[in-house]
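To start, the structure under review is shown below, and the notes come after it.
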Amino acid sequence: MTSAPAGDVWVFDDFHPGARLGDVSIPLDADRMTHWAAIYGKARTTNHVPAGMLVAAMMEAYLTVVRPRPPGNIHANQKLAFGGTAKPGDRLEAEVRCLNKVLRNERRWITLDVRLRNGAQDVLRGEITTIWAR
Amino acid sequence: MQVDQMVTLPKELETVSLETGAEAVRRYAELTTDFNPIHVDPEFAAGTKFGAPIAHGTMSLNLIVQAIEQTFGTMPAGLTIEVRFVRPVKVGATIRAGGTLQSAAPGTYGIFVETQEGERAIEGICVLPPHERAS
């Protein structure tokens, strides 16, 4: 399930605080593990998913649900709350919501809440605050 | 996993570094599906206020996450992070992440990512869950 913008891209008016924007499923598969290892080095053990991969999955969830986006958005602030772990091969379920939107000093601030679950466990909650371009 | 609550918290997080080369940034774009041209297209980026491609913000943020995991041996459940992206990191820059204990009770670290020149790219705090805090 994903929402859609009224126009060609997601603009400030499309966001409604409290609204669920969409869900996405993200497998922690071999491709993702390989990309991670190429950037940051191999995980400590073969049964370990680095916590940063959960952060990457949070971004993937947001970017998959909220698209297309206008060029020029600025990722300004980030909150993270870690709740658990994952193993290679696990499938994360992500839920993306609009938490808040504020027009301040002619800047459009959007805060999105991404909740990542691994089975019954909440593994990461992230609040992404972006200065939206339009 | 929990860190022994009787263990005194280290004064500093382990420092980790990363070279944000174009290939690493391309890989991070693949990982997150974020192919914003400001990150991966030098020609496009040359026409922006940055003048050159910049690394994804969370690519740098993950270095802090890595520093925390290396320091405690795992990511403590209940740990929270709050940061501001204060300055972009140009693709090709070498960055390092770390943190300094600000308060043992609650266990709070001032955390950062900075360039080799000492320019801060990310600043914020991380707070350990209650069972991780030093007595």
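No lab work stands behind these numbers, since they all come straight from the coordinates. Keep in mind the model is a prediction, meaning the values are calculated, not measured. All Cβ positions, even for glycine, are placed from backbone atoms using ideal geometry, and neighbour counts span all protein chains on display.
The table below lists the values:
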quantity	calculated
Which of A:Pro71, A:Leu103, A:Met33, positive extreme of dipole for segment A:12-132 (C-beta unit charges)	A:Leu103
Extension gain from A:His48 to A:Asp90, taking 0.36 nm per residue of separation minus the Cα-Cα distance	14.0 nm
For segment A:12-132, size of Cβ-based charge dipole, Lys and Arg +1, Asp and Glu -1, in debye	240
Relative contact order computed over chain A (Cα-Cα under 8 Å; 6+ residues apart), in percent	33
Spacing of the two label points (7 Å from each Cα toward its C-beta) at A:Arg104 and A:Ile74, in nm	1.4
Chain B: most fluctuating residue of B:Ala55, B:Ala22, B:Ala45 per GNM, C-alpha cutoff 10 Å	B:Ala45
Alpha-carbon radius of gyration plus Dmax, which is the widest Cα pair, for chain A in Å	15.5, 48
Cα-Cα over 28 Å, subset of A:Lys87/B:Lys90; A:Lys79/B:Lys11; A:Lys101/B:Lys49	A:Lys87/B:Lys90
Distance between modelled label sites at B:Gln116 and B:Thr8, nm, 7 Å Cα→Cβ extension	3.6
Listed residues B:Ser103, B:Ser17, B:Ser60, most fluctuating in chain B (Gaussian network, C-alpha, under 10 Å)	B:Ser103
Student exercise, chain B dipole from Lys, Arg, Asp, Glu Cβ charges, in Debye to nearest 20	240
Helix-only mean residue ellipticity at 222 nm for chain B, each DSSP H run of n ≥ 4 adding -39500 (n - 2.57), per residue, nearest 500	-7500 deg cm²/dmol
At q = 0.13 Å⁻¹, base-10 log of I(q)/I(0) for chain B (Debye sum, equal scatterers on each alpha carbon)	-0.57
Chain A: angle of helix A:30-40 to the longest principal axis, Cα-based, in degrees nearest 10	80
Spread of Cα-to-Cα distances over 5 Å intervals beginning at zero, given as percent, for the protein assembly as shown	1, 6, 13, 17, 20, 18, 14, 8, 3, 1, 0, 0
